[in-house]
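Asker: First, the structure itself, so that you have it in front of you.
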Amino acid sequence: MEAATAATAAMVWFRKGLRVHDNPALDAARRYGAGAASARRLYPVFVLDPRYLRPDPAASSPGSARAGVARIRFLLESLSDLDARLRRLGSRLLLLRARDDVADAVCAALKDWNIGKLCFESDTEPYALARDKKVTDFALASGIEVFTPVSHTLFDPAEIIKKNGGRPPLTYQSFVSIAGEPPDPIMEEYSELPPLGDTGEYELLPVPTVEELGYVDISEEEIPPFRGGETEALRRMKESLQNKEWVAKFEKPKGDPSAFLKPSTTVLSPYLKFGCLSSRYFYHCIQDVYKSVRNHTKPPVSLIGQLLWRDFFYTVSYGTPNFDRMKGNKICKQIPWSENEELFVAWRDGQTGYPWIDAIMIQLRKWGWMHHLARHSVACFLTRGDMFIHWEKGRDVFERLLIDSDWAINNGNWMWLSCSSFFYQYHRIYSPITFGKKYDPNGNYIRHFIPVLKDMPREYIYEPWTAPLSIQKKANCIIGKDYPKPVVDHETASKECKKRMGEAYASSRLDANPTKGKTLNSSRRKMPHGDQDTSNSTISKLLKRNSRAE
DNA sequence: TTAGAGTTGGCCCC
DNA sequence: GGGGCCAACTCTAA
């Protein structure tokens, strides 16, 4: 009876979905074999991926090649918490280390432990789809039952696409009108789980610390104020939802991006990313609050609206080939971004000379989290606003450093902010000076994340290069020595960017409709007087290029 | 073909 | 802090 009896052992394979509540994969695995004569066994498994966790000394900040140390820490905390919660139910987390490939490690365990049913949450990211296909193919070929419920998102992206005639809805409103109401979460609370199966010769690891993973030089790193795990996720959610008036009045664009001691949003995104919090359970709890108040805000700006945005991007990303790049991506504008490694590095390392931009990038590196509008500011600055650098470069930095880094949402928002898709009003540029000042005129946010500027007087904190030398000396911060001079002039850079965006758009109109001269004429007529010469020459260049192409 | 809508800009004026 | 303008984008629905 010690060894797992055939066909009554189930494995729940955790990847995202690091929670016990509203977890259909866990629920199915725990029910497997109920009523059968033989004893039931449950194997709750997580596989550590060395390619995700191995320190990369060549990286631009502490962490692995794929993830900054803040997210790695968050993941480890989430695993510890999951293990603790499973232990309270008489089980535990079986932590395995993959030698190389995670899928291979899962397949080996399935075979060695004689698993009859494998349950894991469906994951729509390309990397996960490939990995999961490998495991599913192996399991089915071995006669193992496989169950992969959709529970990371409110809705099933494939179903929404089907309802929309085979194509993903490309506007939020059309998404919302198709989506309807999400399925209810599983509300049952377990008092116990089936006993663990025998793991034989397998080495079961305790959840490692970041230090044990080989991150040695991080003692001086600021530890982000957000702890990983389901317990913290539920606590945080309850705390946010307790203030019913705040929930009812929540309007995303009105939040303060410079608030960092007490962020103006819930900061539940990293918990949703790892599945420490179920989006359906969160949705359900918000609806509960709405029932008890007279009025509440509505999508897209409301809290519910934010969850729907998440699902919107998941759906579009699932139905769009090459969603994570410009080339070969049908919904992405083809824009001739420039290459400038020096400017890019200044942006990435928080050395642009614009304190508002640099403070945000430093918060990203240290905390792995910034307010949504702060992300907008720096994304606009890197791409269409000031530097005209490819959104994929910025996407890579965010993807590695954010603790809530989410493939669908991150790529979607980078296309949005760079006016490559979804949003096209490239004349609207975030000012690296006035935008932050509006919320935080004293520059407290800047002073916290860029200590060298902490004594800069209020009137110069957003533009320290304009401070007289005597003031710089008094503030112990000489611009050009202690803090960089601006790497671009926003005035001229943003004008140049608008011009280039206009040209790129004109070019894409030509590509879309090469036979129609009409569109071209009308766009020429709309050109402002001062730019007449350059725009005409640009258009003639485009025409030439276009005729060559034909 | 066209009108209207689109999560969250800056600037100036009151 | 609210409203209108800037200069004009794309996509959808009719």
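The values are calculated or read from the model by the stated rules, or taken from the named source; none is laboratory data. Please read all numbers here as calculations on a predicted model, not as lab measurements. Every residue, glycine as well, gets a Cβ built from its backbone with ideal geometry; the counts of neighbours run over all protein chains shown.
Residues checked against (1) within 16 Å of DNA strand C (Cβ to nearest atom); (2) surrounded by fewer than 22 Cβ atoms within 10 Å (Cβ to Cβ); (3) without any contact (Cβ under 8 Å) to a residue 12 or more places away in the chain:
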residue: A:390; (1), (2), (3): no, no, no
residue: A:401; (1), (2), (3): no, no, no
residue: A:404; (1), (2), (3): no, yes, no
residue: A:407; (1), (2), (3): no, yes, no
residue: A:411; (1), (2), (3): no, no, no
residue: A:417; (1), (2), (3): yes, no, no
residue: A:421; (1), (2), (3): yes, no, no
residue: A:428; (1), (2), (3): yes, yes, yes
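Asker: Give the residues of the stretch A:140-185 that are part of a helix (DSSP H, G or I), of a type in the set (A, V, I, L, M), over 13 Å from residue A:314 (Cα atoms) and more than 16 Å from DNA strand B (Cβ to nearest atom), sorted by residue number.
Answerer: Once the filter is applied, which keeps residues that are part of a helix (DSSP H, G or I), of a type in the set (A, V, I, L, M), over 13 Å from residue A:314 (Cα atoms) and more than 16 Å from DNA strand B (Cβ to nearest atom), the stretch A:140-185 yields A:140, A:141.
Asker: A further question follows. Of the conditions (1) assigned by the TED database to the domain that holds residue A:71; (2) in contact with a helix residue (DSSP H, G or I) (Cβ under 6 Å, 6 or more places away or on another chain), residue A:218 clears all except one; give me its number.
Answerer: Checking residue A:218 against (1) assigned by the TED database to the domain that holds residue A:71; (2) in contact with a helix residue (DSSP H, G or I) (Cβ under 6 Å, 6 or more places away or on another chain), the one that fails is (1).
Asker: Could you check the stretch A:487-511 and list, in sequence order, the residues that are of a type outside the set (A, V, I, L, M, F, W, C), modelled with pLDDT of 90 or more, within 14 Å of DNA strand B (Cβ to nearest atom) and part of a helix (DSSP H, G or I)?
Answerer: Passing the criteria: A:490, A:491, A:492, A:494, A:495, A:498, A:505.
Asker: Could you tell me whether any residue of the stretch A:440-450 is over 24 Å from residue A:276 (Cα atoms), within 16 Å of DNA strand C (Cβ to nearest atom), surrounded by fewer than 23 Cβ atoms within 10 Å (Cβ to Cβ) and polar (S, T, N, Q)?
Answerer: Yes, the stretch A:440-450 contains at least one residue that is over 24 Å from residue A:276 (Cα atoms), within 16 Å of DNA strand C (Cβ to nearest atom), surrounded by fewer than 23 Cβ atoms within 10 Å (Cβ to Cβ) and polar (S, T, N, Q).
Asker: Find the residue count for the stretch A:480-494, including only residues that are surrounded by 12 or more Cβ atoms within 10 Å (Cβ to Cβ) and either basic (Lys, Arg) or in contact (Cβ under 8 Å) with a residue 40 or more places away in the chain (or both).
Answerer: Of the residues in that region, 8 qualify.
Asker: Inside the stretch A:206-307, counting only helices (runs of 4 or more DSSP H) that do not spill past its ends, which hold 2 or more residues that are crowded, with 20+ Cβ neighbours inside 10 Å and more than 14 Å from DNA strand B (Cβ to nearest atom)?
Answerer: Once the helices (runs of 4 or more DSSP H) in the stretch A:206-307 are filtered for at least 2 residues that are crowded, with 20+ Cβ neighbours inside 10 Å and more than 14 Å from DNA strand B (Cβ to nearest atom), what remains is A:230-242, A:269-273, A:279-291.
Asker: Inspect all residues belonging to the stretch A:222-245 and state whether any of them is within 24 Å of residue A:436 (Cβ to Cβ) and within 16 Å of DNA strand C (Cβ to nearest atom).
Answerer: So far as the stretch A:222-245 goes, no, none of its residues is within 24 Å of residue A:436 (Cβ to Cβ) and within 16 Å of DNA strand C (Cβ to nearest atom).
Asker: So residue A:184 passes all but one of these: (1) on the phi > 0 side of the Ramachandran plot; (2) surrounded by 11 or more Cβ atoms within 10 Å (Cβ to Cβ). Which condition number does it fail?
Answerer: With (1) on the phi > 0 side of the Ramachandran plot; (2) surrounded by 11 or more Cβ atoms within 10 Å (Cβ to Cβ) applied to residue A:184, the lone miss is (1).
Asker: Here is a list of conditions, (1) within 23 Å of residue A:343 (Cβ to Cβ); (2) among the polar types (S, T, N, Q); (3) part of a helix (DSSP H, G or I), and residue A:470 meets all of them except one; can you say which number that is?
Answerer: For residue A:470, the failing item is (1).
Asker: So, one more: Any idea which residue in the stretch A:2-42 is modelled with the highest pLDDT, counting only those that are on the phi > 0 side of the Ramachandran plot and small (Gly, Ala, Ser)?
Answerer: Of everything passing the filter in the stretch A:2-42, A:17 is modelled with the highest pLDDT.
Asker: Same structure again: Taking the conditions exactly as written (over 30 Å from residue A:223 (Cβ atoms), of a type outside the set (A, V, I, L, M, F, W, C) and at pLDDT 95 or above), does residue A:514 satisfy them or not?
Answerer: In short, no.
Asker: Conditions: (1) in contact with a strand residue (DSSP E or B) (Cβ under 9 Å, 6 or more places away or on another chain); (2) among the aromatic types (Phe, Trp, Tyr); (3) assigned by the TED database to the domain that holds residue A:117. Residue A:202 meets all but one. Number of the miss?
Answerer: The number of the failed condition is (3).
Asker: Could you check the stretch A:308-323 and list, in sequence order, the residues that are without any contact (Cβ under 8 Å) to a residue 12 or more places away in the chain and assigned to a helix (DSSP H, G or I)?
Answerer: none
Asker: Assuming residue A:96 fulfils every condition listed in (1) part of a strand (DSSP E or B); (2) of a type outside the set (Phe, Trp, Tyr); (3) buried (at least 21 other Cβ atoms within 10 Å of the Cβ) apart from one, which condition is it?
Answerer: So the condition that residue A:96 fails would be (3).
Asker: Please give the number of the condition residue A:452 fails out of (1) out of contact with any helix residue (DSSP H, G or I) (no Cβ under 9 Å at 6 or more places or on another chain); (2) among the β-branched types (Val, Ile, Thr); (3) not in a helix (DSSP H, G or I).
Answerer: Of everything listed in (1) out of contact with any helix residue (DSSP H, G or I) (no Cβ under 9 Å at 6 or more places or on another chain); (2) among the β-branched types (Val, Ile, Thr); (3) not in a helix (DSSP H, G or I), residue A:452 misses just condition (3).
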